[in-house]
Amino acid sequence: MIRPEEIKMSADESGKWGMVIDQDICTGCQACVAACAMENNISFVGEKDSGYGRSMHWIRIERFWEGEYPEVKMTPNQPMLCQQCGSATCEPVCPAFATVHSQAEQLNLQVYNRCVGTRYCANNCPYQVRSFNWRDYERPEPLSNQLNPDVTVRRRGVMEKCTFCIQRIHKAQDKAKSEGREVLDGEFTTACAQACPANAITFGRVDDPESLVSQLAKKRGHGIKHLEELGTLPNVTYFKGG
Amino acid sequence: MIKRLIDWLKQPLGLIAVGIALLAVFSFAAYGISLTQQPPEQPVQFPHQTHVAFGIQCLYCHPGAAKGPAAGIPSQAKCWACHNQIAKTETSLLLAPLKQAVLSGQPLEWVPVAQVPDFVQFNHRAHVAAGQNCENCHGDMSKVTIAENPQVFNMGFCLDCHKQVAGDDHEKLVKLVDCGTCHY
């Protein structure tokens with residue numbers, strides 16, 4: 001149970017890893033969605049289960065209608081992924097402590113081997129970014145050979161979500177440590193940011209004022225953090241209408 | 001129907017039947033657990049103790065342990081580099097599969113012994129760099145033929161060591177007991 005005073009306390013702490021998404025240059029090409037699925041061994045749900053609303057994506061491109069019917073306007077493309085909240089609503093509701101806050105990396109973790117599949121976290125997530133493995137989805141022949149060995153292959157009955165490519169974070173940290181230095185800004189990035197042809201997604205350290213994400217956030221100003229009023233302290237900042 | 005079954009189980013013969021069933025389940029479980037603790041069948045009865053006795057370092061055959069996540073199992077080319085200079089290779093029955101593999105070009109299919117589940121991301125490099133010796137986890141290889149696990153690689157085993165290594169360093173402890181350090 002998180003008490004209000006704790007929320008206030010954690011509001012003073014900045015996160016560690018963060019993302020800046022520029023909606024003005026996002027073309028909605030879905031390259032990030034594909035790259036994420038490849039990097040993170042996300043299952044191919046298929047037509048039938050997608051029809052039941054069981055499609056699995058860790059990142060998706062959202063678009064909304066604005067205004068009443070004949071005069072509708074489309075809002076800019078909005079890549080929506082786990083906001084890696086500093087005070088996440090998914091965490092306190094898990095009865096198995098499968099979704100916990102990483103103290104070391106300041107991320108919301110999903111521990112697959114603890115997850116018992118109550119789906120409470122997904123129902124409590126205001127961003128609707130968690131996806132549940134309703135089945136063991138088959139990977140047809142050539143695709144079964146492209147699984148990323150650094151990421152767990154989830155099985156049926158397990159919740160999953162964006163990890164900010166924690167396997168890449170660990171790889172970069174391991175490489176930096178073996179060379180006796182700190183992780184450099186821009187040394188690595190997440191799969192979605194790497195795949196983005198328009199460079200709309202930038203990933204890095206938000207607690208480092210010199211990092212590219214902090215610089216971008218300062219330069220653009222007036223970033224939006226989605227549903228900030230809920231006190232979730234998201235670590236993803238959106239820019240639009242610059 | 002169910003009431004009749006319960007009544008039957010309550011009489012002496014029924015109690016004996018329940019006892020036998022429980023014993024069967026227990027011994028089956030015990031057998032299953034013991035199976036997981038036995039070293040698997042290998043294509044060659046590889047004598048680790050002989051190689052260690054010759055003074056060959058672990059990292060000579062498993063160099064990946066110092067460089068990356070997987071220690072690696074040497075290819076037969078590496079075995080052959082030494083073994084084709086050893087006269088015994090021609091005559092030894094134990095080495096016949098190796099000779100066969102090199103001549104036919106078919107790889108030897110070693111069975112990994114020390115394994116962690118898929119949801120655990122283990123990195124050898126970090127552990128070697130932290131000054132852990134191979135035998136701390138894999139046991140004394142000068143005493144075994146095929147590698148055996150001296151202990152079950154479960155989370156308790158990992159965390160005991162992680163907590164001990166971190167000691168009073170709070171930052172290190174946070175990193176070493178964080179779920180996301182190994183599970184993602």
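Please treat every number below as a calculation from the coordinates, not as lab data. From a predicted model like this one, the values you see are computed outputs, not experimental measurements. Cβ coordinates were reconstructed from backbone atoms using ideal geometry, including for glycine residues, and neighbour counts include every protein chain displayed.
Listed values, structure above:
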read-out	value
Computed magnitude of the charge dipole of the protein assembly as shown (debye, nearest 20; Cβ of K, R +1, Cβ of D, E -1)	820
Most positive-pole-ward Cα, A:Cys121, A:Gln173, A:Asn235, against dipole of chain A from beta carbon charges	A:Cys121
Average other protein chain Cβ within 10 Å of Cβ, residues A:171-183	2
Gaussian network model of chain A, springs between alpha carbon atoms under 10 Å - residue of A:Pro142, A:Pro95, A:Pro126 with greatest fluctuation	A:Pro142
Extension reserve of the B:Lys67-B:Lys10 stretch, reckoned as 0.36 nm per residue once the Cα distance is removed	14.2 nm
Per-residue ³J(HN,Hα) for the range A:71-88, Karplus 6.51 cos²θ - 1.76 cosθ + 1.60, θ = phi - 60°, Hz, x for Gly and Pro	9, 8, 10, 7, 6, x, 4, 10, x, 10, 9, 4, 7, 6, 4, x, 10, 7
Label-to-label distance, nm, for residues given as A:Asn145 and A:Asn113 (7 Å Cα→Cβ offset)	3.0
The range A:61-86-the range A:173-206 distance, computed between alpha-carbon centres (Å)	27
Mean separation of Cα contacts under 8 Å, 6 or more apart, over the residue count of chain B: relative contact order %	25
Spin-label model distance (nm) - B:Lys99 vs A:Lys175, 7 Å beyond Cα toward Cβ	4.6
Extension gain from B:Ile56 to B:Ala77, taking 0.36 nm per residue of separation minus the Cα-Cα distance	5.9 nm
Max mean-square fluctuation residue, GNM over chain B, Cα-Cα springs under 10 Å, options B:Gln85, B:Gln49, B:Gln11	B:Gln11
Cβ-Cβ FRET estimate between A:Leu212 and B:Ala21, R0 fixed at 56 Å, reported to 0.05	0.30
Relative contact order (percent, whole number), chain A, Cα cutoff 8 Å, 6+ residue spacing	30
